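Heads up, the thing below is written out as structure tokens.
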Amino acid sequence: MFDQFIAEQCQQGVDMVVNLAAGLDTRPYRMALPPALEWVEVDLPGIVSYKEEILASEKPDVRSRNASASIYLTPLPAASSSPNSDVGPQRL
């Protein structure tokens, strides 16, 4: 299903795919994609390094790059019991 969607979008001129939480997805290695397509994979550092290690001898047919990112935020300070507390939700 996703393969078909990506193929259709590439046929319509999409020139970049950003794959968030890419995991061990191998689409840029196994799909027939335009060579000018830029494929960016984002995942946790441990996943990215593991994937780079196991696919070191493989080359995708597109311009591909990996990025490490963590979605974990530092904990919020303890909320005050005061109704006038200025501690609010943490936002990205």
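Taking each residue of region 1-18 that is closer than 20 Å to Arg65 by Cα and looking for partners that are basic (Lys, Arg) and assigned to a helix (DSSP H, G or I) with beta-carbon atoms closer than 7 Å, six or more apart or interchain, yields Asp3/Arg27; Ile6/Arg27. Report yes if Ser49 is exposed (fewer than 12 other Cβ atoms within 10 Å of the Cβ) and either on the phi < 0 side of the Ramachandran plot or in contact with a helix residue (DSSP H, G or I) (Cβ under 6 Å, 6 or more places away or on another chain) (or both), otherwise no. No; evaluated as a whole, the condition is false for this residue.
Every residue, every condition in (1) assigned to a loop (DSSP other than H, G, I, E, B); (2) basic (Lys, Arg); (3) modelled with pLDDT of 70 or more; (4) touching a strand residue (DSSP E or B) at 6+ places or on another chain (Cβ under 6 Å), yes or no:
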site	(1), (2), (3), (4)
Leu33	yes, no, yes, no
Tyr50	no, no, yes, no
Ala56	yes, no, yes, no
Ala67	no, no, yes, yes
Ser85	yes, no, no, no
Gln90	yes, no, no, no
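Within region 15-27, the set of residues being assigned to a loop (DSSP other than H, G, I, E, B) and either over 14 Å from Asp3 (Cβ atoms) or at pLDDT 95 or above (or both) comprises Asp15, Ala21, Ala22, Gly23, Leu24. Would you pick out the residues in region 4-14 that are exposed (fewer than 12 other Cβ atoms within 10 Å of the Cβ) and either among the basic types (Lys, Arg) or in a helix (DSSP H, G or I) (or both)? Within region 4-14, Gln4, Phe5, Glu8, Gln11 meet the criteria. Yes or no: Asp25 among the charged types (D, E, K, R) and surrounded by 14 or more Cβ atoms within 10 Å (Cβ to Cβ)? Considered against the rule, which asks whether it is among the charged types (D, E, K, R) and surrounded by 14 or more Cβ atoms within 10 Å (Cβ to Cβ), Asp25 comes out as yes.
The values are calculated or read from the model by the stated rules, or taken from the named source; none is laboratory data. These numbers were taken from a predicted model, which means no experiment stands behind them. Cβ coordinates were reconstructed from backbone atoms using ideal geometry, including for glycine residues, and neighbour counts include every protein chain displayed.
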